């Protein structure tokens, strides 16, 4: 969202105008859902995370929170915190191997298995990063936020985000190269 567009929408949102709430939900809910689905791997949990993210936004607005400067990073922070809390509450469950039946238009099974293995390696490597490195890398390269928005979402200086990103990418590179050997 361009900066000049954010301010009027944020003002309308802070006055709890229903149209502004609907606009924010329409604009960001699918991205928050996709982010949650990638991290949780479960559609129902992603829906629950999305709903809780917007519920927490509404609660913050009702309480007159002045901490909301930029909606997009603020929503990602809420979603990420919900996901982090979810994983703290219960152990990581292995994903089932059963999947939907393959259609004729699907890529060959070998390609799907190879791609799935690469994604699993990347997810495992991401989990071995520090929490802050993982969050920065995920928000930058999976969600597409710029460094300034990531800094705002984390409440950190831009220089710290750049350093976390650099160290996180270097660590990922080392881990993935080591696994290839």
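The values are calculated or read from the model by the stated rules, or taken from the named source; none is laboratory data. Quick caveat, the model's predicted, so the values are computed rather than measured. Please note: Cβ atoms are built from the backbone with ideal geometry, for glycine as well, and neighbour counts cover all protein chains shown.
For the reader, a short list of remarks on this structure follows.
- Options 91, 96, 73: the member that is at pLDDT below 70 and under 30 Å from residue 151 (Cα atoms): 91
- Given (1) closer than 23 Å to residue 136 by Cβ; (2) in a helix (DSSP H, G or I), index of the condition residue 68 fails: (2)
- Taken as a whole, the range 136-156 holds at least one residue that is farther than 18 Å from residue 75 by Cβ, buried (at least 16 other Cβ atoms within 10 Å of the Cβ) and in contact with a helix residue (DSSP H, G or I) (Cβ under 8 Å, 6 or more places away or on another chain).
- For the criterion of being part of a helix (DSSP H, G or I), more than 23 Å from the chain's Cα centre (by Cα) and at pLDDT below 75, residue 110 passes.
- Residues (free of Cβ contacts under 8 Å to residues at least 60 places away in the same chain, surrounded by fewer than 18 Cβ atoms within 10 Å (Cβ to Cβ) and closer than 22 Å to residue 70 by Cβ) located in the range 25-48: 25, 26, 27, 29, 30, 34
- Summed over the range 146-176, the residues that are in a helix (DSSP H, G or I) and either assigned by TED's automatic domain parsing to the domain that holds residue 67 or modelled with pLDDT under 85 (or both) give a count of 4.
- So residue 21, is it more than 21 Å from the chain's Cα centre (by Cα), in the same structural domain as residue 80 (by TED's automatic domain parsing) and over 30 Å from residue 131 (Cα atoms): no
- Check on residue 126, under 14 Å from the mean Cα position of the chain (by Cα) and not in a helix (DSSP H, G or I): no
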